[in-house]
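Worksheet: the structure to be examined is printed underneath.
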Amino acid sequence: FPVAMLLSVVCCAGCEQSVDKKKDSDEHHVLCLGNSITRHTPYDAVNWYSDHGMAASKPENDYCHVLQSLMRKDNENTTVTPCAIPNWERDFSLDLDELIGHYIKGKDIVVIRLGENVPAEKEPLFDEALSKLIEYCKQYTDRIVITGQYWPSARKEKAVKENAEKYGIPYVRLDWIWTEHQEECCPKEGEIIYDTQGKPYPIVGEFIITHPNDKGMEYIAKAIYEKI
């Protein structure tokens, strides 16, 4: 299963700071490689009838859309495209050309936001798999940002940080959102979200509530924005 889990704003360690500093005004095209936090198509088995980052209430409130809104303050033509590849987290042998080749063309910034679905038995392979993914992305752009885990995981976090250091790319820590702001960033059963037709429906079951709500998504977006 794909899993995860600012009007006030934050740095990667969770401390507050301003994000109103001027960014570059170039037009950018960003690709966000992720799992269900990035995008999840409708899935009846978990009572999810939307097609955006789970469990944002609406598309415009998931982290990709919030990041796009932030970046468009600097250039209105900037785009942020979500690309959910949770299958890669379970099978590192998947062909990257087939998986993301179509999406990465024409992108000048890539955000790698993966790891939560990597099963325990594959964690020893995560470091090398990330390295291969970064190398692939570097064929298209040198501007790569990588995030840590939303759900804390020491081993996977270590792999992310070491790859960030190895390739000299920005690292965005996110586990502080879960550890320090879980109460405000996790949705509750019965809360209203909106389906692909814009119709409201209540959150039902335990699966969706492990993911970040609108506030959690905002934290993620602003933490990434600080590093781009």
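The values are calculated or read from the model by the stated rules, or taken from the named source; none is laboratory data. This structure is a prediction, so every number in the text was calculated from the model and none was measured. All Cβ positions, glycine included, derive from the backbone under ideal geometry; neighbour counts span all protein chains shown. Just the protein is used for accessible areas: all its heavy atoms, side chains included, with ligands, DNA and RNA removed. Shrake-Rupley method; radii C 1.70, N 1.55, O 1.52, S 1.80 Å.
List of remarks:
- Applying 0.36 nm per residue to the separation of Ser131 and Tyr201 and subtracting their alpha-carbon distance, the gain on full extension is 21.2 nm.
- Vicinal HN-Hα couplings computed from phi for the range 214-226 (Karplus, 6.51 cos²θ - 1.76 cosθ + 1.60; Hz; Gly/Pro x): 4, 5, x, 5, 5, 4, 4, 4, 6, 5, 5, 4, 4
- Ranked by the mean number of other Cβ atoms within 10 Å of their residues, highest first, the peptides 64-70, 103-109 fall in the order 64-70, 103-109.
- Exceedance of the 22 Å cut-off in Cα-Cα distance is limited, within the set Lys156/Lys215; Lys138/Lys215; Lys122/Lys161; Lys138/Lys222; Lys132/Lys158; Lys138/Lys166, to Lys156/Lys215; Lys138/Lys215; Lys138/Lys222.
- Over the range 137-228, the ratio between the Cα radius of gyration and 2.2 N^0.38 Å evaluates to 1.30.
- Counting only protein heavy atoms and a probe of 1.4 Å, the accessible surface of the range 73-228 is 47% carbon and sulfur.
- Potential extension, Arg90-Ser69 segment - 0.36 nm per residue separation minus Cα distance: 4.4 nm
- Rounded to the nearest 20, the size of the Cβ-charge dipole of the chain about its Cα centre is 400 debye, with Lys and Arg at +1 and Asp and Glu at -1.
- Only aspartates and glutamates eight or more places from Lys73 in sequence, or on another chain, were considered; those with a Cα closer than 12 Å are Asp20, Asp24, Asp26, Glu27.
- Chain lengthening between Trp151 and Lys138 when straightened (0.36 nm per residue, less Cα-Cα): 2.0 nm
- For the range 18-152, the per residue solvent-accessible surface stands at 44 Å², with DNA, RNA and ligands left out and a 1.4 Å probe.
- FRET E, pair Glu98, Lys188, Förster distance 25 Å, beta-carbon r, rounded to 0.05: 0.05
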